[in-house]
Every structure is written in structure tokens, then in C-alpha cells.
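Structure first, then comments.
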Amino acid sequence: MSVAEKAIVYATLILADDNVEITADKLEAITKAAGVAVEPIYFDLFAKAFAGKDVNELLLNVGSAAAAAPATGAAAAAGAADAAPAEEEKKAEEEEESDDDMGFGLFD
């Protein structure tokens, strides 16, 4: 991410933190005050993207809707997968027992 991109993101977060409406003019003023040159298109893009939206709420809910669906699917898959490890453990125990029958030990 370039310095200009970071500057416009930080400017957006500053305005959101102060509960100020995010506009292209305000974003431009903050980045100019910081001494960062940003292409003018970014001001309009960010202003339109966040118009009428609560940035703080967006940040608090990142991934909450997307995480809910896979979590339920993962729980069902975990229940089915629990039976398979038990069978594998039995096979591993049988293999360990067969090593003991070779007629010699570590300290013989």
C-alpha cells in the first residue's frame, strides 16, 4: 500500500472517529495538512464509498456475517470427523504393539 493510499484511509478514519461526515473536501484538507500528495480521484471514491455509512460500525462488524455461515458448517463437519480419528487411534495402537514382539528391547 502506498503512502497516498494509507493517508486517505487514515483521513477517513480520522473523520469517522470525530463523527464528521466524510466528504471529498474534508479528505483533501486532511491529506494536504499532513503534507501527502494524493490523486484527486481517491477523494471522490472514498467520499462516495462511505457516504451515509457509519465507518465505526463497519469496523466493528468486519467478517461477522461471513464467519457465521462457515461456523455452522464446520460444526457439522467436526461431528462427522470425530468418528474417523478414533479408528485411526486403534490402528496406531495395534502397530505399536507389533513393534514390542520383535524380541529385543532398548536396554537388552
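Any read-out appearing in this document is the output of simple, stated calculations on the displayed coordinates, not a laboratory observation. Owing to the predicted nature of the structure, the values given are computational and were not obtained by experimental measurement. No Cβ is skipped: glycine too gets one built from the backbone with ideal geometry, and neighbour counts run over all protein chains shown.
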In a shell of Cβ-Cβ distance under 13 Å around I22, excluding I22 itself, what net charge do Lys and Arg (+1) and Asp and Glu (-1) give?
-4
Going by a ≥ b ≥ c, the root eigenvalues of the Cα gyration tensor, does segment 7-60 fall in the rounded group (a/c under 1.5), the prolate group (a/b larger than b/c) or the oblate group?
prolate
